[in-house]
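As C-alpha cells, the structure follows; a few thoughts come after it.
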Amino acid sequence: MVINSTSNQKYKYISKLKNKKYRDIEDKFIIESRKLVEEAISSADVDFIFLSESKKDYQTNLEKIIFDDKLFNKLSNLKSPDGFAAVVKKKKENEISSKRVLLLDGLNDPGNMGTIIRSAEAFGFNDILLGPNTVDIYNEKTLRASMGSIFRLNIKQTSYEDLDLLKKSYKLVAADMSGYDINKCKIEDDIVLVIGNEANGLSDTIRSMTDIYVKIPMKGQIESLNAAIAASILMNNLSL
C-alpha cells in the first residue's frame, strides 16, 4: 500500500519524531539517506524503514512503509532526498569503559557534533559524554555528519556530579589556549578530554574541575580553530 494522505497515522507519527520532545518520549529518532539507513540496519536497532514510492522495490526483512513521493518529501529534511529513511530506537547508554573518553561541554552546533563523533570513532574515543546544554545528538544534521559512527559508540548524558565521581579514575584534560602545547604533553593517565562551547569555551564548572589544559599551537594570525577540527587534532594526538 502506498500512503498518500497526511492524516495517515504513520505519517503523523514520523512527523512528531522530528521534534526533540517527542523523540525523548518515544526513545526513537529518524535517519535519512540510503547510506545511513544501511549503516543503521547493520549497527543499530531499526524500528521500521520508510521509502518514497520510487524506491518501493527495495528489499528488506524489516517493516517497510511506502509514501508517495510528494508525501515522503514533506517528511524529509533534505533538499534532495533519495527516498530512503528509517525510524531507529535510541541506543542504551552503557557504563564508561575506555581509557580515552570525550566530553562535550555545551557544544551547540549539530554539524560540529556529528563530525566530532565521527572523529571519535576514528581515534578510539569510544565513550562520549554530553554535558549540560549540549546539542541533541539526534538532530538530523548531527546524524548526517556522524556518517554512521553514532550507531557504534557509547554516547551518554552526564551531569557535573557524575563527572566528579569519574574524576576518581580519570584526569580531566580540557582544550584551552592557556594550556600546554599538546605536541609536548605526554599524558599516560586515563583521561576525559573536554571540548567546550564554540563561542564561549569551557563552562566555569568544568574549569574548576580541570586537571590539565592543552592547546594546539598555531602559526600566522589564527586565534582559534573550529571545534570539530580542534577536537579531531587533539583526539588524534592523545590516541598515539
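Note down all Cβ pairs under 8 Å where the first residue falls in segment 207-229 and is under 14 Å from C185 (Cβ atoms) and assigned to a loop (DSSP other than H, G, I, E, B), the second is modelled with pLDDT under 90 and not charged (D, E, K, R), and they're at least six residues apart or on different chains.
I216/L225
Tell me, yes or no, whether segment 163-177 has at least one residue that is among the β-branched types (V, I, T), on the phi < 0 side of the Ramachandran plot, outside any loop (DSSP other than H, G, I, E, B) and modelled with pLDDT of 95 or more. Give the derivation first.
Keep residues of segment 163-177 that are among the β-branched types (V, I, T), which gives 173.
Narrowing further to those that are on the phi < 0 side of the Ramachandran plot: 173.
In the following step, the residues that additionally are outside any loop (DSSP other than H, G, I, E, B) were identified as 173.
From what is left, the residues that are modelled with pLDDT of 95 or more are 173.
Taking every residue of segment 163-177 in turn, at least one turns out to be among the β-branched types (V, I, T), on the phi < 0 side of the Ramachandran plot, outside any loop (DSSP other than H, G, I, E, B) and modelled with pLDDT of 95 or more.
Considering only segment 63-72, state which residues are surrounded by 18 or more Cβ atoms within 10 Å (Cβ to Cβ) and closer than 15 Å to A86 by Cβ. So that I can check it myself, show each step before the final result.
Let us first name the residues in segment 63-72 that are surrounded by 18 or more Cβ atoms within 10 Å (Cβ to Cβ), namely 65-67, 71-72.
Within segment 63-72, I65, I66, F67, F72 qualify.
Between a residue in segment 18-31 that is hydroxyl-bearing (S, T, Y) and any residue that is open to solvent by 50 Å² or more (accessible area, probe 1.4 Å) and part of a helix (DSSP H, G or I), which pairs come within a Cβ distance under 6 Å, given they are 6 or more apart or on different chains?
Filtered contacts from segment 18-31: Y22/K16.
It is to be established whether one or more residues within segment 42-49 are open to solvent by 40 Å² or more (accessible area, probe 1.4 Å) and of a type in the set (G, A, S). Quick ask: steps written out before the conclusion?
Applying the first criterion (open to solvent by 40 Å² or more (accessible area, probe 1.4 Å)) to segment 42-49 yields 42-43, 45, 47.
From what is left, the residues that are of a type in the set (G, A, S) are 42-43.
Yes: one or more hits.
Where residues in segment 114-129 are surrounded by 19 or more Cβ atoms within 10 Å (Cβ to Cβ) and aliphatic (A, V, I, L, M), which of them is farthest from E95 (Cα to Cα)?
By that ranking, first place goes to I116.
Modelled with pLDDT of 95 or more and not hydrophobic (A, V, I, L, M, F, W, C): which single residue out of N61, N139, N133 fits that description? I'd like the intermediate steps shown before the answer.
On the way: N139 fails: modelled with pLDDT of 95 or more; N133 fails: modelled with pLDDT of 95 or more.
Exactly one of N61, N139, N133 is modelled with pLDDT of 95 or more and not hydrophobic (A, V, I, L, M, F, W, C), namely N61.
Starting from residues that are outside any strand (DSSP E or B) and within 18 Å of A228 (Cα to Cα), keep the ones in segment 182-203 and report whichever is most open to solvent (accessible area, probe 1.4 Å).
It comes out as N200.
Looking at segment 148-157, is at least one residue in a loop (DSSP other than H, G, I, E, B), modelled with pLDDT of 95 or more and open to solvent by 50 Å² or more (accessible area, probe 1.4 Å)?
yes
Looking at T60, T134, can you tell me which residue is open to solvent by 10 Å² or more (accessible area, probe 1.4 Å), more than 29 Å from K12 (Cβ to Cβ), without any contact (Cβ under 8 Å) to a residue 40 or more places away in the chain and in contact with a strand residue (DSSP E or B) (Cβ under 8 Å, 6 or more places away or on another chain)?
T134
Here is a list: K21, K16, K12, K35. Which entry is modelled with pLDDT of 95 or more, basic (K, R), over 25 Å from the mean Cα position of the chain (by Cα) and open to solvent by 60 Å² or more (accessible area, probe 1.4 Å)?
Details: K21 fails: over 25 Å from the mean Cα position of the chain (by Cα); K16 fails: over 25 Å from the mean Cα position of the chain (by Cα); K35 fails: over 25 Å from the mean Cα position of the chain (by Cα).
Checking each option against the conditions leaves just K12.
Anything in segment 16-35 that is part of a helix (DSSP H, G or I) and among the β-branched types (V, I, T)? List them, or say none. Give the derivation first.
Of the residues in segment 16-35, the ones part of a helix (DSSP H, G or I) are 16, 20-26, 34-35.
Matches in segment 16-35: I25 only.
Answer yes or no as to whether Y170 is open to solvent by 30 Å² or more (accessible area, probe 1.4 Å) and farther than 23 Å from D136 by Cβ.
no
The values are calculated or read from the model by the stated rules, or taken from the named source; none is laboratory data. Just so it is clear, the structure is predicted and the values come from calculations on it, not from any experiment. Heads up, the Cβs are rebuilt from the backbone with ideal geometry, glycines too, and the neighbour counts pull from every protein chain shown. SASA here: full protein model, heavy atoms, side chains in, ligands and nucleic acids out. Shrake-Rupley method; radii C 1.70, N 1.55, O 1.52, S 1.80 Å.
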